[in-house]
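Participant: I have a structure here, written as structure tokens, and I will follow up with some questions on it.
The values are calculated or read from the model by the stated rules, or taken from the named source; none is laboratory data. Remember, predicted model here, so these are calculated numbers, not experimental data. Note: ideal-geometry Cβ built from the backbone for every residue, glycine included; neighbour counts use all protein chains shown. Heavy atoms of the whole protein, side chains included, go into the accessibility calculation; ligands, DNA and RNA do not. Shrake-Rupley method; radii C 1.70, N 1.55, O 1.52, S 1.80 Å.
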Amino acid sequence: MLTRGILTILLLVGSNIFMTFAWYGHLKLQQMHISDNWPLAGVILFSWGIALAEYTLQVPANRIGFVENGGPYSLMQLKVMQEVITLIIFTIFTKVLFAGEALHWNHLAAFICLLLAVYFVFMK
């Protein structure tokens, strides 16, 4: 059986996959000439549809994981975890769908800083 902590993390990963597609997927569709002629309102509605799926995972993740609801995480811990998960998902998304985007040393340095933020936010 999944613990509340693991379930929270899995829901955050799922929500961040949808979030990344909502925020950046339309750029790939444009790059593929699928949405070239879509009005901006159409692109926004498309992204909102995807974001709805994100919220159906994000909200339960926070409710299940929050310490005052019986979960193991404080608000700060939930937020910092979410940011690190977002960066991991975004990096994978970028490398898979936008192969021309390069990762540089400063991107790695920023990621290490986020990992340090996780370490410090979970420190007792």
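Participant: Which of the three applies to the chain, rounded, prolate or oblate, going by the alpha-carbon gyration tensor with a ≥ b ≥ c and a/c under 1.5 meaning rounded?
Facilitator: Details: a/c = 2.94, a/b = 1.46, b/c = 2.01.
It comes out oblate by the Cα gyration axes.
Participant: To make sure I understand the rule: partners must be lysines, Cα under 28 Å from the Cα of K95, and not fewer than 8 residues away in the same chain. Which ones qualify?
Facilitator: Within the straight-line cut-off, K95 pairs with K28, K79.
Participant: Say each of R63 and F98 gets a label point 7 Å from the Cα, pointing the same way as Cα to Cβ; how far apart are those two points in nm?
Facilitator: For the pair R63/F98, the computed spacing is 3.3 nm.
Participant: If R₀ is 25 angstrom, what is the calculated FRET efficiency for the pair A109 and N37, using the beta carbon separation as r and rounding to 0.05?
Facilitator: Step by step, r from the Cβ atoms, then E = 0.05.
Participant: Just the number, please: carbon plus sulfur as a percent of the accessible area of the range 45-124, 1.4 Å probe, no ligands or DNA/RNA counted.
Facilitator: 73 percent
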